[in-house]
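Peer 1: Below you'll find the structure I mean.
The values are calculated or read from the model by the stated rules, or taken from the named source; none is laboratory data. All of these numbers come straight from a predicted model, not from anything done at the bench. Here Cβ is always computed from backbone atoms with ideal geometry, including for glycine, and neighbour counts include all displayed protein chains.
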Amino acid sequence: MRLLRTAFAAFLVLGSLIAFGVFSFALAYLRDVAPTLPDHMFLSEWKPEQGSVIRFSDGTVMGVHALQDREFVPLSNIPDIVVNAFLSAEDSRYWKHEGVDGAAVLRAALSNVSSGGSGRAEGGSTITQQVVKNLIVGSEKTLDRKIREAILAMRIDRDLGKDRILEIYLNEIYLGAGAYGVKSAARRYFDAELEDLSQGQAAVLAGLPKAPSAYNPYQNPVRATERRNYVLKRMLDDGYIDTATYRFEAMLPIKLAESAADGQRGHLWSQYAEEHVRRLLLESYGSDGLYSGGLDVTTTIDANVQRAVHEELRAGILAEDKRSGWRGALASGISFPVDWSLSALDKPLGSEDWFVAVVSEVSGDVVVETPLGRFPLSSSSVDWAARGGVPSDVFRVGDAVLVDGDDLVQIPEVQGAAVVMDPASGAVLALGGGFSFEASEFDRATQARRQPGSVFKSFVYLAALERGYDATSPLMDAPIALQSANDNEDWRPKGGEGWGLITFRRSLEASRNMSTVRLLYGMGLDSVEDIVARLGIPMRGDPSYALALGAGETTPLEIATAYAAIANGGYRVDPIFRGRPKGGLVQVIDGVSAAQLSSILSGVPVAGTARKAFYGYDRVVAGKTGTTNSARDAWFVGYDPGIVVVVWIGRDDNQPLLKGAGGGSTAAPVARRIMERVEALVPRRDFYLPDGAHEIVVDSETGMPDENGNVIEIIRSSESHLE
C-alpha cells in the first residue's frame, strides 16, 4: 500500500512538473509570438476591393466585372434567414464563444480519433478563425499557424465585436462559381437579391463554404441538395425554422438562374452590349479602375428592348439558316438507357434554352428522349430535315439532336447584328452582335466592317437634296459605263435596260442602281464624301462610283449613327452607351433635306423594296434596304424621329446567302418585329414639316403637281415648283 501511495505521489509530482513545463513553455511561446503577430485592427475598416457594376438604364444589374465577383453589403442589410443559415452551417455557438470554440475543437478531435484517420478530418474552426485565416495568417497547415490563428481570433473577437466579424465573413467568403460574398452568390445562383431569398436558397449558399466546388448546385445538383437539406436540419435543430418549413424546403428542387454558369457576366441576351460597355470602360479607366475601382455604371441599354432585339435577331438568323437545310445529328450511336453525363450530349455553345435529345423511335413519328421525358418531334421540323423524303432517310435511333420545345433546331452558320438607337441623343438602347456571345464574342454590330449595299444610297440622294433636287426631280435610269480605276475595262452598274425617265422618289424607293450612279456622276464623288464625313461615317478605301451602291465598308453602329442624324432633322450624334451627350448637338444636314429624304424613304416600306416585310404595319416609318453582290450582306434600316433600328444578316466567312436572301426579305422582317415589340417601350414620334418647307400633292408616276395625285411631297418654300 505504501508503495502504491509513493507511486501515486511520484505520478502527481511528475504530472505537475509536466504541466508546469507545458505552462511555462506556453507562456514563453506566447511572450515570443505575441509581438510578432500582425496588427488585426485594420479589419475594423476593411472593405474588399470591388469591381465595376454595369447596369441597365433602369438600374438593374447587367453584369459585374472584377478580379473577384463581390459586392459589399452591410450586415444590417443581410436578412436574418441568411445570417442564421450560415451560423447553423458553420458555427452554431458563434454568439457564445470568444473567437475559439473549445467544445468544437474537442468534438472535432474526438471525431478524428474515432475515425482512425480513415475519413475526412473534421475541423473545429469558428467563423472568427476563418476570417483570421483568410485575411491575416493564411492557410498553411502547421501548428504554429493554428496557434497564431487562435490568438488573433480571440483578439478580434474582443476588439472588433461579433457583428463586425460576421459582416466581414459574409462579404469575404468564397461561395463557388466565381462568387465572393453572399450578395454576389445570391445573384449568381438565383438571380435574386438577398432579401428575396427563400430559406432553402439561403441554406444552399450556407452549405457552400465547406466545399464550394463539390456542393456547387450547377455542377453537382445531387450533392448540393443533400448539403442544403443538412443545413436546413441544423437550422431546425437551432430553432431558426420550424418543422413545416424544414419539410417544405427540403422537398423542393434547387432552381438556378439561367446565368448560373456564366462567370461574372449577366444575362445571355445582353452580353454583347455588356462587353462593348466593358471595353469602353477599360479604355477610359484602365484595368485597375475597371476591375478593382468599384465603378457603378448605368448604361443607356434598355433591358426590355435588349431582350427583344436578342430574341428577334436570333429568330431571323435561324430563319435564314434554316433555308440551307438540316446539317445532321450532333452525335450518333447513343445507347439506351441514356447516360446524360456523356460529353457527346453536352449542349453546343449558343444553345441557350434549347435541349439535347436522343432519337428513340423512327417509325410513324420521330420520337426523342430528353432528361425531362419523351415526345415526338413536330411534323414541320421532321419535314424540314427530311427535305421531302422519309424520316428514316435522315434519322437513326441513337442520334443526338438539338430541340427547342418539340422543334428540331441547329446552331446556325449564318450570323447577324442589330442596333437600336434614340436619334435625339445617340443613346444606344440595344445592341446585338451575333447569334450567341457564348459561341462567338466577335461583335458584328461594332467590329465587323461589311459593305452596306444600297443602305448607302440614301447619302447620295441626301447630297442631291442639299443641291436643290426634290422627290419630283426626274432621273434617267439607263445603262452607264464609267472608266474603272485600273483603266483596263469600263465599270457598268447592273440594272438591265433600265426604267427610263423616273422620279427621284421612285429611283430611291425601288433602289435603282443605274439612276443612282448617274446622279452621283453628275454631282461628283466629293459631294458624297462630304455628306458621309458630316454624318460621322469613316471613309475606308479609295472612293469610286461604286461607292453609290455601297461598295465601301462600315458597321451597323456607324450606319445607325448616320441615319440618326437624318431621323432627328439633321443633327450629328455620336453613339453613347452611358451618360448624356457632351454639349449641344450641331446641325450638319439641312433640316429640309433631311425631311425630304425621310418622306421619300417612308415609301420604301409601303411601295418599295420592303413592302412585303411591312405589309399591314400601321405606323409611318422610313426605311432602306441593302443587299450586296450575291447576297453576301442583307441590311435594313428603319426609323422615325423616336427610334432607329439597323439589322444586318450575313456570314462571317463572307460566303453568299442562299438565293432569295436580301435586305427586304431577310433583314427587314427582323427590324419590323423589333419595332413592333418595342413600340410600347420607346416613345415614338411622328415626322414633322420643318420651317422653310411646304407640301404639295403630285402624281407619283410623273412627279407633276396634281390635286388628284396620290403622293404628298415636301418642297422648299422658296421654290415655285413648276407653277
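Peer 1: Check Ser111, Ser115, Ser88, Ser76 and return the single one that is surrounded by fewer than 18 Cβ atoms within 10 Å (Cβ to Cβ), modelled with pLDDT of 90 or more and in the same structural domain as Leu208 (by TED's automatic domain parsing).
Peer 2: Step by step, each of Ser111, Ser115, Ser88, Ser76 is checked, and only Ser76 is surrounded by fewer than 18 Cβ atoms within 10 Å (Cβ to Cβ), modelled with pLDDT of 90 or more and in the same structural domain as Leu208 (by TED's automatic domain parsing).
Peer 1: Has segment 512-522 got at least one residue that is within 12 Å of Ala464 (Cα to Cα), crowded, with 20+ Cβ neighbours inside 10 Å, in the same structural domain as Ala481 (by TED's automatic domain parsing) and in contact with a Ser or Thr (Cβ under 7 Å, 6 or more places away or on another chain)?
Peer 2: Looking for residues that are within 12 Å of Ala464 (Cα to Cα), crowded, with 20+ Cβ neighbours inside 10 Å, in the same structural domain as Ala481 (by TED's automatic domain parsing) and in contact with a Ser or Thr (Cβ under 7 Å, 6 or more places away or on another chain), one finds at least one in segment 512-522, hence yes.
Peer 1: Now a separate question. Any residue at all in segment 392-401 that's within 30 Å of the chain's Cα centre (by Cα), hydrophobic (A, V, I, L, M, F, W, C) and part of a strand (DSSP E or B)?
Peer 2: yes
Peer 1: Pairs please, first residue from segment 453-478 and within 15 Å of Val532 (Cα to Cα), second anywhere and acidic (Asp, Glu) and crowded, with 23+ Cβ neighbours inside 10 Å, Cβ atoms under 8 Å, 6+ apart in sequence or on different chains.
Peer 2: Gly453/Asp633
Peer 1: Moving on. For the list (1) modelled with pLDDT under 95; (2) within 21 Å of Asp470 (Cα to Cα), I need the number of the one condition that Pro683 fails.
Peer 2: In the conditions (1) modelled with pLDDT under 95; (2) within 21 Å of Asp470 (Cα to Cα), Pro683 misses (2) alone.
Peer 1: Which count do you get for residues in segment 50-91 that are assigned to a loop (DSSP other than H, G, I, E, B) and either closer than 25 Å to Lys162 by Cα or touching a helix residue (DSSP H, G or I) at 6+ places or on another chain (Cβ under 9 Å) (or both)?
Peer 2: 15
Peer 1: Do the conditions hold for Gly500, that is, is it in contact (Cβ under 8 Å) with a residue 12 or more places away in the chain, at positive phi and surrounded by 15 or more Cβ atoms within 10 Å (Cβ to Cβ)?
Peer 2: For Gly500, the condition - in contact (Cβ under 8 Å) with a residue 12 or more places away in the chain, at positive phi and surrounded by 15 or more Cβ atoms within 10 Å (Cβ to Cβ) - is not met.
Peer 1: Kindly indicate the residue of segment 253-287 that is modelled with pLDDT of 90 or more and acidic (Asp, Glu) and also surrounded by the most Cβ atoms within 10 Å (Cβ to Cβ) among those meeting that condition.
Peer 2: Glu274
Peer 1: I'd like the full set of residues that are in contact with a strand residue (DSSP E or B) (Cβ under 7 Å, 6 or more places away or on another chain) and more than 17 Å from Gly350 (Cβ to Cβ), limited to segment 293-328.
Peer 2: Of everything in segment 293-328, those that are in contact with a strand residue (DSSP E or B) (Cβ under 7 Å, 6 or more places away or on another chain) and more than 17 Å from Gly350 (Cβ to Cβ) turn out to be Gly293, Gly294, Leu295, Asp296, Val297, Thr298, Thr299, Thr300, Ile301, Asp302, Val305, Gln306.
Peer 1: Among the residues that make up segment 566-576, is at least one of them of a type in the set (S, T, N, Q), in the same structural domain as Ala667 (by TED's automatic domain parsing), under 14 Å from Ala424 (Cα atoms) and surrounded by fewer than 17 Cβ atoms within 10 Å (Cβ to Cβ)? Steps first, please.
Peer 2: Filtering segment 566-576 down to residues of a type in the set (S, T, N, Q) leaves 568.
So of that shortlist, the ones also in the same structural domain as Ala667 (by TED's automatic domain parsing) come out as 568.
Applying the additional criterion that residues be under 14 Å from Ala424 (Cα atoms) yields 568.
Checking which are surrounded by fewer than 17 Cβ atoms within 10 Å (Cβ to Cβ) leaves us with none.
Among the residues of segment 566-576, not one is of a type in the set (S, T, N, Q), in the same structural domain as Ala667 (by TED's automatic domain parsing), under 14 Å from Ala424 (Cα atoms) and surrounded by fewer than 17 Cβ atoms within 10 Å (Cβ to Cβ), which makes the answer no.
Peer 1: Take segment 540-575 and flag every residue that is β-branched (Val, Ile, Thr) and either farther than 23 Å from Lys494 by Cβ or at pLDDT below 75 (or both).
Peer 2: Thr555, Thr561, Ile566, Val573
Peer 1: Could you tell me whether segment 317-330 includes any residue that is touching a Phe, Trp or Tyr at 6+ places or on another chain (Cβ under 9 Å) and hydroxyl-bearing (Ser, Thr, Tyr)? Reasoning before the result, please.
Peer 2: Residues of segment 317-330 that are touching a Phe, Trp or Tyr at 6+ places or on another chain (Cβ under 9 Å), as a first pass: 317-318, 321-322, 325-326, 329.
Filter once more, keeping what is hydroxyl-bearing (Ser, Thr, Tyr): none.
No: segment 317-330 contains no residue that is touching a Phe, Trp or Tyr at 6+ places or on another chain (Cβ under 9 Å) and hydroxyl-bearing (Ser, Thr, Tyr).
Peer 1: Restricting the first residue to segment 44-70 and requiring it to be of a type in the set (Phe, Trp, Tyr), which pairs with a second residue that is assigned to a loop (DSSP other than H, G, I, E, B) and modelled with pLDDT of 85 or more meet a Cβ separation below 8 Å and a spacing of at least six or different chains?
Peer 2: Phe56/Ile301; Phe56/Asp302
Peer 1: Continuing with the same structure: If Tyr615 satisfies all but one of (1) buried (at least 16 other Cβ atoms within 10 Å of the Cβ); (2) modelled with pLDDT of 95 or more; (3) not charged (D, E, K, R), what's the number of the condition it fails?
Peer 2: Of everything listed in (1) buried (at least 16 other Cβ atoms within 10 Å of the Cβ); (2) modelled with pLDDT of 95 or more; (3) not charged (D, E, K, R), Tyr615 misses just condition (1).
Peer 1: Among the residues of segment 324-346, write down those that are surrounded by 15 or more Cβ atoms within 10 Å (Cβ to Cβ) and in a loop (DSSP other than H, G, I, E, B).
Peer 2: Result: Trp326, Ala329, Leu330, Ile334, Val338.
Peer 1: Let me ask something else. With the condition kept exactly as written, say whether any residue in segment 714-721 is of a type in the set (Lys, Arg), surrounded by 14 or more Cβ atoms within 10 Å (Cβ to Cβ) and not in a loop (DSSP other than H, G, I, E, B).
Peer 2: Here is the first cut: in segment 714-721, the ones of a type in the set (Lys, Arg) are 716.
Subset that is surrounded by 14 or more Cβ atoms within 10 Å (Cβ to Cβ): 716.
This time we only want the ones that are not in a loop (DSSP other than H, G, I, E, B), so: 716.
Taking every residue of segment 714-721 in turn, at least one turns out to be of a type in the set (Lys, Arg), surrounded by 14 or more Cβ atoms within 10 Å (Cβ to Cβ) and not in a loop (DSSP other than H, G, I, E, B).
Peer 1: Something else now. Residues to consider are Leu330, Leu349; find the one that is at pLDDT 95 or above and either over 26 Å from Gly660 (Cβ atoms) or of a type in the set (Val, Ile, Thr) (or both). Walk me through it before giving the result.
Peer 2: Working: Leu349 fails: at pLDDT 95 or above.
Result of the check over Leu330, Leu349: Leu330.
Peer 1: Would you check if Lys162 is of a type in the set (Lys, Arg), more than 27 Å from the chain's Cα centre (by Cα) and assigned by TED's automatic domain parsing to the domain that holds Gln219? Give the derivation first.
Peer 2: On the way: of a type in the set (Lys, Arg): yes; more than 27 Å from the chain's Cα centre (by Cα): yes; assigned by TED's automatic domain parsing to the domain that holds Gln219: yes.
Spelling it out, Lys162 is indeed of a type in the set (Lys, Arg), more than 27 Å from the chain's Cα centre (by Cα) and assigned by TED's automatic domain parsing to the domain that holds Gln219.
Peer 1: Can you tell me how many residues in segment 622-648 are crowded, with 24+ Cβ neighbours inside 10 Å and either aliphatic (A, V, I, L, M) or more than 24 Å from Phe504 (Cβ to Cβ) (or both)?
Peer 2: 10
Peer 1: Taking the condition crowded, with 24+ Cβ neighbours inside 10 Å, closer than 17 Å to Val61 by Cβ and β-branched (Val, Ile, Thr), does Val204 pass? Steps first, answer last, please.
Peer 2: Details: crowded, with 24+ Cβ neighbours inside 10 Å: yes; closer than 17 Å to Val61 by Cβ: no; β-branched (Val, Ile, Thr): yes.
For Val204, the condition - crowded, with 24+ Cβ neighbours inside 10 Å, closer than 17 Å to Val61 by Cβ and β-branched (Val, Ile, Thr) - is not met.
Peer 1: Which residues, counting only those in segment 544-582, are within 23 Å of Asp640 (Cβ to Cβ), under 27 Å from the mean Cα position of the chain (by Cα) and either in a loop (DSSP other than H, G, I, E, B) or of a type in the set (Gly, Ala, Ser) (or both)?
Peer 2: Matches in segment 544-582: Thr555, Ala560, Ala562, Ala564, Val573, Asp574, Pro575, Phe577, Arg580, Pro581.
Peer 1: Ok, one more. Out of the residues in segment 443-494 meeting the condition of being under 19 Å from Lys624 (Cβ atoms) and in a strand (DSSP E or B), tell me which one is nearest to the chain's Cα centre (by Cα).
Peer 2: Arg450
Peer 1: Please identify the pairs in which a residue from segment 584-597 that is assigned to a loop (DSSP other than H, G, I, E, B) has its Cβ atom under 7 Å from the Cβ atom of a residue that is surrounded by fewer than 23 Cβ atoms within 10 Å (Cβ to Cβ) and of a type in the set (Lys, Arg), counting only partners at least 6 apart or on another chain.
Peer 2: Leu585/Arg572; Val588/Arg534; Val588/Arg572; Ile589/Arg534
Peer 1: Criterion first (surrounded by fewer than 23 Cβ atoms within 10 Å (Cβ to Cβ) and under 30 Å from Val309 (Cβ atoms)) does Pro556 satisfy it? Talk me through it step by step, then tell me what you get.
Peer 2: Values: surrounded by fewer than 23 Cβ atoms within 10 Å (Cβ to Cβ): no; under 30 Å from Val309 (Cβ atoms): yes.
No; evaluated as a whole, the condition is false for this residue.
Peer 1: Given the conditions (1) in contact with a helix residue (DSSP H, G or I) (Cβ under 9 Å, 6 or more places away or on another chain); (2) more than 27 Å from Val592 (Cα to Cα), which single one is not true for Ala439?
Peer 2: (1)
Peer 1: Return the residue satisfying two criteria in turn: it lies in segment 288-314 and is at pLDDT 95 or above and polar (S, T, N, Q), and of such residues it is farthest from Asp422 (Cα to Cα).
Peer 2: My answer is Thr298.
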